[in-house]
Amino acid sequence: MKKSIRILIICILAAALIAGGAVYLIYQTRDDELLIGEEPAQQIALSDARLAENQVSELKVKLKLDDGVWYYDVRFRTIALEYEYEIEAYTGAILDKDIDD
């Protein structure tokens, strides 16, 4: 019984180390000097929505990674609508947008 618990603990620790190393390597693929930045990503989304910053509320910008692609998740609301944009982090291209009422 003791031996199987030790083996289980060792396997869990090894898996945690491997997962931590993988996350570290993924984040090392990001070159911060080439990112467009949160402010430009925000402006790209607002411009596409034909809105000014003072016309929206709950404006949030977050850098995310999905399938090896770094993008800015930009979200904001107007009185009637909720907007969500995915802005490619290096080029500023709009990858996706969703507008809900």
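The values are calculated or read from the model by the stated rules, or taken from the named source; none is laboratory data. What you are looking at is a predicted structure, and each value in this text was computed from that prediction instead of being measured. Virtual Cβ from ideal backbone geometry, glycine too; neighbours counted across all protein chains shown. Ligands, DNA and RNA are excluded from the accessible area calculation, which covers all protein heavy atoms including side chains. Shrake-Rupley method; radii C 1.70, N 1.55, O 1.52, S 1.80 Å.
Couple of notes before you dig in:
- Rounded to the nearest 0.05, the FRET efficiency derived from the C-beta distance between residue 62 and residue 16 at R0 = 30 Å is 0.70.
- Relative contact order of segment 52-96, pairs being alpha-carbon contacts under 8 Å that are 6 or more residues apart, as %: 29
- Rounded percent of accessible protein surface that carbon and sulfur make up, the chain, 1.4 Å probe: 56
- Heavy-atom accessible surface of the chain, averaged per residue, reaches 73 Å², computed with a 1.4 Å probe.
- Compared with the dominant principal axis of the Cα atoms in the chain, helix 2-28 is inclined by about 30°.
- Contact order, relative form, for the chain: 20 percent (alpha carbon pairs under 8 Å, 6 or more residues apart, mean separation divided by residue count).
- Per-residue extension of 0.36 nm, minus the Cα-Cα distance of residue 5 and residue 55, leaves a gain of 12.1 nm for this segment.
- The stretch between residue 38 and residue 90, if pulled fully straight at 0.36 nm per residue, gains 17.6 nm over its current Cα-Cα span.
- A straight Cα-to-Cα reach below 15 Å connects residue 97 with the aspartates and glutamates 48, 73, 82, 84, 86, 88, residues fewer than 8 places away in its own chain not being considered.
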